[in-house]
Every structure is written in C-alpha cells, then in structure tokens.
Amino acid sequence: MKYVSTRGGEAVSPSLAILRGIAPNGGLYVPESIPALSAEDFQKLLPMSYAQRAAEILGLFLTDFTREELMSYTAAAYSAEKFPGGAAPLVKVEEDTYILELFHGPTCAFKDMALQILPYLMTASAKKNNETENICILVATSGDTGKAALEGFADVPGTSIFVYYPADGVSTAQKLQMITQKGQNVGVSAVYGNFDDAQTGVKKIFADADFAALLKENHVRLSSANSINWGRLVPQVVYYVSAYLDAVKEGWITYGEGVDVAVPTGNFGNILACLIAKKMGLPVDRLICASNKNNVLAEFIETGVYNKNREFHTTSSPSMDILISSNVERLLWFLAGGNSADTAEKMQKLNSAGIYELDEGMLAALQADFEGGWASEEAGYEIIRRYFEGNGYLSDTHTAVALSLLDAKRQKEGNRKKTIVASTASPFKFASSVLFALDGVERESTPQLIDELAAKTGVEAPAPLVGLDKREIRFAGTVEKDAMRPPVLQMLGVEQ
Ligand SMILES: *Cc1c(COP(=O)(O)O)cnc(C)c1O
C-alpha cells in the first residue's frame with residue numbers, strides 16, 4: 001500500500017510516510033485506498049488478544065512491515081506492564097452506553113495508545129529507509145501528547161525528543177508529568193501563548209530549510225509525533241475495531257448491529273481513526289464529534305464553514321482547546337474523493353484568511369457520517385456529577401464533554417442508540433476540575449488534589465500520577481513563540 005500527501009505529489013511507502021511525519025509539500029499522508037474487511041474477517045479477530053488484533057490491523061496498512069515485526073511491537077507496547085488496567089477495556093456503564101477506556105497506559109491519557117508503539121515504528125522505518133541520521137522528534141502539545149511522546153521516546157537509541165507546551169494551557173498534573181521527565185535524549189519547554197501558538201511555531205520549524213540544513217550538518221533530521229504523523233493515527237484505528245468486537249463478545253451487541261461512537265475531539269485525530277475503521281467496514285453508524293466551548297468543529301459539521309477567526313477559550317478540558325484541528329485536512333481529502341488540489345486550496349484559505357467553506361456535496365458527505373456539538377463548562381461539570389452519583393462512574397473533563405453531548409442528543413431525539421464513548425484521560429489528571437464538578441468547591445490546583453479525589457470517591461489513583469510533586473524538576477524554562485529553536489539546538493549539543 002502506498003501513501004500520498006493530501007496536497008498531491010508522489011506516493012511513498014508506509015515506512016517513509018511514518019519517518020517523514022509530514023509530506024515535503026506540507027500535506028499529511030493518507031493511504032491511497034482503505035482496506036475493506038468482511039464481517040467474516042472482522043470476526044476472525046474476535047478470539048484474539050489486543051496485541052494480536054493490533055498486529056493484524058496494522059499489517060493491513062503498514063505493508064512494508066512483516067507480521068512478525070508488528071507482533072513484536074504490539075506485544076511490547078500493549079503489555080500488562082505498560083497497561084496494567086488492560087490496553088483498551090470497554091466498560092458498560094448503562095444498558096446502552098459503553099465507555100472505551102483509553103487511559104490505562106503510562107501517562108494516563110489515550111495518547112499512549114499510539115505513542116507507546118510509535119517509537120518502534122519510527123526506528124524500524126528509519127532502518128527500512130537506510131536513514132543513518134539521528135531522528136529528533138518535535139512535539140507541540142495541548143498537554144497529553146507531550147508526556148506520552150516523552151515516555152515513548154525517552155532513551156530510545158538514535159532518537160531525541162523536544163516538547164513544547166502552552167505556558168498557561170495545561171493542568172498541574174500534566175505540567176509536572178512533563179517537566180520531571182527522565183531520560184538523556186529529552187527536552188521540554190513552555191511557550192508563551194496557547195496551543196495553536198505552540199503548534200504553529202513547530203510547523204514553522206519544520207518548514208525552515210536553514211534550520212534543517214544546520215541539523216543535517218549535525219546528522220539530525222526532524223520528525224513529528226503529533227497526530228499529523230500517520231504512525232500516530234493507524235494504531236488508533238485498532239481500538240475502535242477492538243471495542244466493537246469486545247461488545248459482541250460480551251453479548252451487548254450482535255455482530256452487524258450498528259453503534260454510534262462519541263469522541264471528545266481536539267485535533268480530530270481520534271475521531272478520524274474511527275472514520276477509517278468505519279470505512280474498513282466496521283458497523284459504526286454515527287460519529288459524534290464532541291467539542292468544548294472552542295466549538296469550531298461543531299459549527300463546521302453543522303454549516304460546512306470552518307472559521308478559526310474566533311475567541312480562544314481556556315477550559316477545563318485543555319486538551320481540546322484547539323481552533324486549528326490538523327486532521328481535518330485528512331477528512332477534507334476523503335470528502336473530496338482524493339482531490340488534492342481541492343484540499344490544498346482549502347488549507348491555503350485557512351492559512352491566509354482563517355476560513356473556508358465546503359460545497360453542498362462535501363457537506364452532505366460530511367453529515368452522512370458525522371454529527372457535531374459542544375458542551376459548556378457547566379454541562380460538563382453536571383454530567384461528571386450525575387455519572388458519579390448515578391452510575392458510580394468517575395469521568396474526566398474531556399470524556400464528560402462527549403457524555404454531555406450524548407445525553408443532550410438522546411433527550412432531543414427521544415431514543416437511546418447503543419453508543420461507544422471514547423474516554424480519553426484519567427479523571428486524576430484533571431483532579432481540581434473533577435473535584436469542583438463533584439462538590440462545587442474551587443480549589444487551588446496542587447498535586448495533592450490527586451489524593452483528595454481518591455479519598456473522596458473511593459476510586460484508586462493510577463500509579464503514574466501518585467507522588468508527582470516529589471519528582472525532580474528538570475525543565476523549568478519558558479520561551480517566546482518566535483524563540484523556539486535555541487533550546488532544541490541546546491538539547492542536541494549543536495553550537496549556536
Ligand atoms: C488529545 C486529547 C483529546 C483530543 O484528541 P484529538 O485526537 O486531538 O481529537 C481529547 N481528550 C484528551 C484527554 C486528549 O489528551
């Protein structure tokens with residue numbers, strides 16, 4: 001299988017798409033076609049473990065990797081040691097509501113699902129392409145990707161990683177997780193501004209030919225671990241397939257029965273992976289795209305107008321505080337039937353005017369699969385309390401956005417379709433907001449709130465979040481958004 005850039009150009013192998021992260025023309029890599037599975041094919045995966053299912057599905061997309069290679073990566077990435085609570089367990093919280101818990105990895109957010117395996121895919125991709133330079137991963141994070149990428153790449157030979165996070169845009173736990181990261185090949189810095197500032201800054205570094213030349217002299221090439229990298233997306237397809245099969249296995253649905261899937265969305269990577277699972281033939285009906293007060297996607301799905309010219313809100317679901325959702329570019333390419341000129345034109349408009357619009361045909365295609373909506377801060381808090389009091393289920397603030405939207409949809413439509421809700425983070429990562437949701441008391445955000453939340457709810461805090469405040473702080477710096485290059489050079493030991 002070959003991969004093409006959403007903005008046109010030559011097709012490349014899966015491993016080169018992963019190694020590059022982003023196409024030379026600034027586009028994102030997409031598979032030329034999506035493998036279709038029959039009901040029988042899907043059901044063959046039923047008796048398998050998560051790691052086996054993952055190797056099978058990855059093998060359909062990553063055709064220049066052997067099954068043995070992929071099996072060795074998935075076995076290591078999704079081991080019980082890395083995911084003590086299971087890789088992606090599906091929990092039934094109501095008769096028709098199943099929560100897909102994606103936060104049992106080392107950093108307690110769903111980013112681990114891809115970033116635990118990406119280092120294996122990346123280093124193998126380098127070898128397959130005779131790449132002898134060291135790979136330096138640059139990451140802009142809204143909080144969770146940064147830590148998951150650091151954890152995945154720390155001390156992986158032949159790689160280094162530098163992470164930028166918005167100075168005021170992440171939770172206390174998220175920040176402490178990042179600035180205490182261990183490893184010889186890692187670096188972290190805050191950036192004054194919001195996530196879009198950090199992400200735009202990183203995109204500029206990727207596009208900077210002089211910087212690339214300087215790195216090349218020092219035997220380094222840049223790559224990306226953001227969800228613009230196909231190697232981030234494809235492991236996420238797996239858990240939607242796996243969740244559906246688990247629901248069949250438990251007898252909650254019968255194979256072939258359509259389910260809806262609700263996803264708390266920011267950069268649009270997670271929900272795009274679900275679209276790909278649907279395109280493979282998984283019986284998914286509606287994709288429910290849930291936004292917080294930064295509701296650019298909700299409006300886009302409703303009207304076909306993508307307009308980033310709006311106020312940016314800092315919310316209690318910071319990993320969704322995004323106005324430029326990178327993976328919408330891949331969606332546009334699918335909606336345009338692979339017309340890369342159309343996608344490139346829309347991205348150009350987004351870049352210059354901050355707005356573009358779908359024609360009627362593309363809007364109809366979008367709405368055939370997706371519905372969008374957004375939840376206010378208050379609605380999010382209310383559903384956290386209601387779920388805990390009603391079902392004994394403790395949800396994080398991001399998952400709450402999806403639960404809230406689902407609740408509103410069910411009330412409005414007066415029926416209750418069976419729905420899988422992607423749960424993207426442990427509630428303990430956002431302890432102050434979750435505590436506030438439960439009792440309405442505002443607290444100063446400190447690491448001790450993790451223990452307080454555990455004591456108050458009787459839910460055990462995940463081990464990686466316990467004792468965060470006792471770890472050594474290694475990266476306390478903050479840079480201006482136009483001064484993001486020097487700390488990377490410093491990490492790499494390049495003279496400036
Ligand atoms: C990253 C993240 C999201 C958004 O996921 P996208 O793939 O960027 O849409 C939602 N919730 C949490 C907790 C996250 O870390």
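The values are calculated or read from the model by the stated rules, or taken from the named source; none is laboratory data. No experiment lies behind these values; they were computed from the predicted model shown. Every residue, glycine among them, receives a Cβ derived from its backbone with ideal geometry; neighbour counts consider all protein chains shown. Note: accessible area is taken over every heavy atom of the protein model, side chains too, but ligands, DNA and RNA are not part of it. Shrake-Rupley method; radii C 1.70, N 1.55, O 1.52, S 1.80 Å.
How far is the Cα center of the range 369-442 from the Cα center of the range 45-121, in Å? Here the two parts' Cα centres lie 24 Å apart. Loop-located trypsin sites (Lys or Arg not before Pro) in the range 301-371 (DSSP state not H, G, I, E or B) with no more than 14 neighbouring Cβ atoms inside 10 Å: Arg310.
Solvent-accessible area of the range 199-286 (1.4 angstrom probe, protein heavy atoms only): carbon and sulfur portion equals 50 percent. Take the chain and mark each of the GluC sites (Glu not before Pro) that is in a DSSP loop with at most 14 other Cβ atoms within 10 Å; the longest unmarked stretch, sites excluded, is 312-441.
Among DSSP beta bridges whose residues both lie in the chain, state the antiparallel percentage, nearest 5. Could you put the intermediate results ahead of the total?
Numbers: 12 of 49 bridges.
The antiparallel proportion sits near 25 percent.
Accessible area per residue for the range 382-485, computed on protein heavy atoms with a 1.4 Å probe, is 48 Å². Among all the aspartates and glutamates, which ones have a C-alpha under 16 Å from Lys346's C-alpha, if same-chain residues fewer than 8 places away are not counted? Cross-link targets: Glu329, Glu357, Asp359, Glu360. Mean sequence separation of contacting Cα pairs (under 8 Å, at least six apart), scaled by the length of the range 344-430, corresponds to a relative contact order of 24 percent.
Evaluate Rg over Rh across the chain, taking Cα atoms for both radii and Kirkwood's formula for Rh.
Details: Rg = 21.1 Å, Rh = 22.6 Å.
Taking Rh as the inverse mean 1/r over Cα pairs, Rg/Rh reads 0.93.
A simple packing score, the average count of other Cβ atoms within 10 Å per residue, orders the peptides 433-440, 165-172 as 165-172, 433-440, with the highest score first.
For the range 316-361, with all protein chains present and a 1.4 Å probe, just round the carbon and sulfur fraction of the accessible area to a whole percent. Intermediate values should be presented prior to the final figure.
Working: 780 of 1740 Å².
Taking all protein chains in place, the range 316-361 shows 45 percent carbon and sulfur surface.
Taking 18 Å as the straight-line reach from the Cα of Lys418, the lysines in range (excluding those fewer than 8 positions away in the same chain) are Lys92, Lys249, Lys278, Lys409.
Converting phi to 3J(HN,Hα) with the Karplus coefficients 6.51, -1.76 and 1.60 and the offset θ = phi - 60°, the range 4-17 yields 10, 7, 4, 10, x, x, 5, 7, 10, 6, x, 5, 6, 4 Hz in sequence order, with x at every glycine or proline. Of all lysines in the structure, the ones whose alpha carbon falls short of 28 Å from that of Lys128, not counting any fewer than 8 places away in one chain, are Lys2, Lys82, Lys111, Lys147, Lys203, Lys204, Lys216.
Could you give the Stokes-Einstein D for the range 131-233 in µm² per second, using the C-alpha Kirkwood radius, 37 °C, 0.692 mPa s?
237
Going by average Cβ density within 10 Å per residue, which order do the peptides 228-234, 321-327 take, highest to lowest? Display every interim value, and only then the final one.
Values: 228-234: 25.3, 321-327: 22.4.
Ranking the peptides 228-234, 321-327 by packing returns 228-234, 321-327.
Both radii were evaluated on the Cα set of the range 176-223; the Rg over Rh quotient, with Rh as the Kirkwood radius, amounts to 1.03.
Kindly provide the trypsin sites (Lys or Arg not before Pro) of the range 105-209 that DSSP labels as loop, not H, G, I, E or B, and whose Cβ sees at most 16 other Cβ atoms within 10 Å.
Working: sites: Lys111, Lys127, Lys128, Lys147, Lys175, Lys182, Lys203, Lys204; in loops: Lys182.
Taking the range 105-209 and a limit of 16 other Cβ atoms within 10 Å, the loop trypsin sites (Lys or Arg not before Pro) found are Lys182.
Residues of the range 196-231 with an amide N closer than 19 Å to a point placed 7 Å from the Cα of Glu495 along the Cα-to-Cβ direction: 211-220.
Okay, helix-only estimate at 222 nm for the chain: each DSSP H run of n ≥ 4 adds -39500 (n - 2.57), divide by all residues, round to 500 deg cm²/dmol; what do you get? Don't jump to the answer; show the numbers that get you there.
Details: 21 runs with 220 residues, N = 496.
After summing the helix terms and dividing by residue count, I get -13000 deg cm²/dmol.
Computed on the Cα atoms alone, the convex hull of the range 158-202 gives a volume of 64 cubic angstrom per residue.
Ranking Ile420, Ile135, Ala336 by Cα position along the charge dipole of the chain, where only Lys, Arg, Asp and Glu carry charges on their C-beta atoms, puts Ile135 farthest toward the positive end. The per residue volume of the convex hull around the alpha-carbon atoms of the range 1-134 is 150 Å³.
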